[in-house]
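**Student:** The structure's right below; bear with me while I get my questions together.
The values are calculated or read from the model by the stated rules, or taken from the named source; none is laboratory data. Here the structure is a predicted model, which is why all the values come from computation and not from measurement. All Cβ positions, glycine included, derive from the backbone under ideal geometry; neighbour counts span all protein chains shown. Note: accessible area is taken over every heavy atom of the protein model, side chains too, but ligands, DNA and RNA are not part of it. Shrake-Rupley method; radii C 1.70, N 1.55, O 1.52, S 1.80 Å.
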Amino acid sequence: MKAEKKPVALHDLNFDELSRLFQSWGEPAYRAKQVWSRLYQGLAASFDEMSELPKSLRQRLAQETVLGRLTPRAEQRSSDRQTRKVLFALPDDAQVEAVLMGYERRRTACISTQAGCGMGCSFCATGQSGLQRNLTAGEIVEQVLFFARESPISNIQSPISNIVFMGMGEPFANYNQVMAAVRRLNDPSGFNFGARRMTISTVGLVPGIKKFAAENIQVNLAVSLHAATDDLRSKLVPINKQYPLSALLPTVREYIAQTHRRVSFEWALIEEINDTLEQARALAALVKGMLCHVNLIPLNPTSGYPGAASTRERIAAFRSVLESAGIPNTLRLRRGIDIQAGCGQLRSQTSKV
Ligand code: SAH
Ligand code: SF4
């Protein structure tokens, strides 16, 4: 028996691939442009919205392609209503979560790059559940489009001001699909989202950082450091055994030299684990003189990790070491804790459907 042909997911195609598809159907060249602009400027969620296409073409598209594979299954809002978490089901039953955070003047979409994560960081809920699979570029982009559709003026201007690749998954473990998603979002004839308003956060995959440095793109880079000595970092972030600080830090320095872009270092503050004055001093020594910023995030609780968030006093002491060493740092607001949507709390298993 012949295996059934899988329908093409439109959001997985780049413009050339879309053009080739229409060409193979004998459609005129302008069709690809029309559909591309419907997908990424009109934010179409159905073929019916593509009213400028002949009905027969809409029917063929509906038969042979898919438009949108993310099905929202559950949604939670934080009690302050500033944070929304949405759980999406994918056609193969993998699940991913994305979060929209409202600040005064910003709306940041935090999106997933993998269903689960294989990096196994001990304090991270996603890491505790393991890797299901990589997401495709289209599946990554669709999370953004979902939030972008919500504004009444969505076909004119995106209501999202920032996109951070900080949901489930390690972006550089799914490098090609993540970069394809970045380029899709950035495309001036499509979604047209500024590269400088996107940030990719990595656990520190050295080959990924090197490749990223060579992309010649203005997307921001964040590196999850969490510890400034190898023994502690290997406990919190096991991939440190493969890419220890002696490999990671020179790679980040090289990235900065190549791109002239400021790097953020992420540091989840865990009481009496990595919030000691020794760690603060070691951190200051590691990053001194670098074009960087340290983001401190009090640990968000997860079921699989016993550590606690640092107290206010310990945070202040940690920061004062950084400040006297002249290391720029900020304490990140904790968002959406009550709906398990804070950093590292995205874990599909815990979500109710
Ligand atoms: N895999 C990438 C991006 C996703 S994680 C990375 O690790 O960088 C996004 C950020 O949340 C990372 O800095 C991660 O270390 C942090 N994080 C994970 N679990 C956390 C927790 N329980 N509390 C606070 N931050 C956490
Ligand atoms: Fe994966 Fe990042 Fe969580 Fe580590 S912190 S397990 S790399 S998602």
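**Student:** Highest mean first, how do 129-138, 315-324 rank when packing is the count of other Cβ atoms within 10 Å averaged over residues? Walk me through the intermediate numbers first.
**Tutor:** Values: 129-138: 19.6, 315-324: 16.1.
Per-residue mean Cβ counts within 10 Å order the peptides as 129-138, 315-324.
**Student:** Using a basic spin-label model with each label point 7 Å from the Cα along Cα→Cβ, how many nm lie between Arg261 and Ser246?
**Tutor:** According to this spin-label approximation, the distance is 2.9 nm.
**Student:** Let me know the volume per residue of the alpha-carbon convex hull for the stretch 117-211, in Å³. Walk me through the numbers before you get to the answer.
**Tutor:** Numbers: hull volume 10.2 nm³, N = 95.
In the stretch 117-211, the Cα convex hull volume per residue is 107 Å³.
**Student:** How would you classify the stretch 203-327 from its alpha-carbon gyration tensor, with a ≥ b ≥ c the square roots of the eigenvalues: rounded for a/c under 1.5, else prolate if a/b is greater than b/c, otherwise oblate?
**Tutor:** Because a/c hits 1.5 or more and a/b exceeds b/c, the stretch 203-327 counts as prolate.
**Student:** Relative contact order for the stretch 6-66: what is it in percent, counting Cα pairs under 8 Å that are at least 6 residues apart? Please report the intermediate quantities before stating the final value.
**Tutor:** Values: 35 pairs, mean separation 26.0, N = 61.
The normalised contact order for the stretch 6-66 reaches 43 percent.
**Student:** Counting only heavy atoms of the protein chains, get the accessible area per residue of the chain (1.4 Å probe) and round it to a whole Å² value.
**Tutor:** Details: 16080 Å² over 353 residues.
Normalised by residue count, the accessible surface of the chain is 46 Å².
**Student:** Run the 1.4 Å probe and let me know the accessible area of Asp12, rounded to the nearest 10 Å².
**Tutor:** Solvent-accessible area, nearest 10 Å²: 50 Å².
**Student:** Once Rh for the stretch 119-276 is found with the Kirkwood sum over Cα pairs, what is the Stokes-Einstein diffusion coefficient at 25 °C and 0.890 mPa s, in µm²/s? It would help to have the intermediate numbers written out before the result.
**Tutor:** Values: Rh = 16.7 Å.
Using the Kirkwood radius from Cα pairs, D works out to 147 µm²/s.
**Student:** Rounded to the nearest 10 Å², what accessible area does Arg332 show when all protein chains are kept and the probe is 1.4 Å?
**Tutor:** So the heavy atoms of Arg332 present about 60 Å² to solvent.
**Student:** Rounded to the nearest percent, how much of the accessible area of the chain (1.4 Å probe, protein heavy atoms only) is carbon and sulfur? The partial results should precede the final answer.
**Tutor:** Numbers: 8010 of 16080 Å².
Percent of accessible area from carbon and sulfur atoms in the chain: 50.
**Student:** What FRET efficiency would be calculated for the residue pair Ser320, Tyr103, taking the C-beta separation as r and a Förster radius of 35 Å, to the nearest 0.05?
**Tutor:** Efficiency at R0 = 35 Å is approximately 0.85.
**Student:** Rg and Dmax in Å for the stretch 59-142, alpha carbons only: what are they?
**Tutor:** Rg and Dmax of the stretch 59-142, Cα atoms, are 15.0, 49 Å.
**Student:** Here's a follow-up. Could I have the simple spin-label model distance between Lys288 and Glu254, label points 7 Å from Cα toward Cβ, reported in nm to one decimal?
**Tutor:** Spacing of the two 7 Å Cα→Cβ label points: 2.4 nm.
**Student:** Right, another one. Stretched out fully, how many nm does the piece from Asn192 to Gln59 gain, at 0.36 nm a residue minus the Cα gap?
**Tutor:** Details: separation 133, 0.36 × 133 = 47.88 nm, distance 2.84 nm.
So the chain would gain 45.0 nm between Asn192 and Gln59.
**Student:** Which order do the peptides 116-127, 53-64 come out in when sorted by mean C-beta neighbours inside 10 angstrom, highest first? Don't jump to the answer; show the numbers that get you there.
**Tutor:** Numbers: 116-127: 22.8, 53-64: 13.8.
Top to bottom by mean Cβ count within 10 Å: 116-127, 53-64.
**Student:** Here's a follow-up. So, R0 is 25 Å and r is the distance between the beta-carbons of Thr311 and Ser161; what FRET efficiency does that work out to, to 0.05? Each step should come with its number before you reach the end.
**Tutor:** Working: r = 32 Å, r/R0 = 1.30.
Calculated transfer efficiency: 0.15.
**Student:** Once both labels are modelled 7 Å past Cα along the beta-carbon direction, what's the Gln23-Gln218 spacing in nm?
**Tutor:** 3.2
**Student:** Here's a follow-up. I need to check one value: relative contact order of the chain, counting alpha carbon pairs closer than 8 Å and at least 6 residues apart, in percent. Could you put the intermediate results ahead of the total?
**Tutor:** Details: 657 pairs, mean separation 54.7, N = 353.
Across the chain, relative contact order equals 15 percent.
**Student:** Sticking with this structure for a sec: To the nearest whole percent, what portion of all C-alpha pairs in the stretch 240-284 is separated by more than 14 angstrom? If you can, show how the numbers build up before the last one.
**Tutor:** Numbers: 623 of 990 pairs.
Taking all Cα-Cα pairs of the stretch 240-284, the fraction more than 14 Å apart is 63 percent.
**Student:** In addition: Evaluate the charge dipole of the chain about its Cα centre and quote only its size in Debye, nearest 20, assuming +1 on the Cβ of each Lys and Arg and -1 on the Cβ of each Asp and Glu. Could you put the intermediate results ahead of the total?
**Tutor:** Numbers: 43 positive and 32 negative charges, 88 e Å.
Dipole magnitude for the chain comes out near 420 debye.
**Student:** Starting from the residue with the highest accessible area, list His260, His293 in decreasing order, probe 1.4 Å.
**Tutor:** On the way: His260 145, His293 45 Å².
Per-residue accessible area, sorted high to low, gives His260, His293.
**Student:** One-quarter of the Cα convex hull surface for the chain, in nm²?
**Tutor:** Working: hull surface 77.5 nm².
Approximately 19.4 nm², given one-decimal rounding.
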